[in-house]
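What follows is a single structure, written as structure tokens, with notes after it.
The values are calculated or read from the model by the stated rules, or taken from the named source; none is laboratory data. What you see is a predicted model; the values in this text were computed from it and never measured. Note that we place each Cβ from the backbone using ideal geometry, even for glycine, and neighbour counts take in every protein chain shown.
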Amino acid sequence: MKTLQNLTHHQFTERTIALGDKAINTGVIIAAFAFSVLPFILMIARLS
């Protein structure tokens, strides 16, 4: 029983870490996109 609990906890932890990595990667992509688009937005805002 204890082994099963440890196993499920380990799987849960791995899954949580994987989800965290995915969230971080998505955040990094969004941040990079925002930083690359920001100058254009500022330029358009200045022109208008």
Any chance Thr8 is on the phi < 0 side of the Ramachandran plot and modelled with pLDDT of 95 or more: no
Some residue of region 35-47 being surrounded by 10 or more Cβ atoms within 10 Å (Cβ to Cβ), basic (Lys, Arg) and either touching a Gly at 6+ places or on another chain (Cβ under 6 Å) or in a helix (DSSP H, G or I) (or both): no
Yes/no for Thr3 being among the hydroxyl-bearing types (Ser, Thr, Tyr) and over 18 Å from the mean Cα position of the chain (by Cα): yes
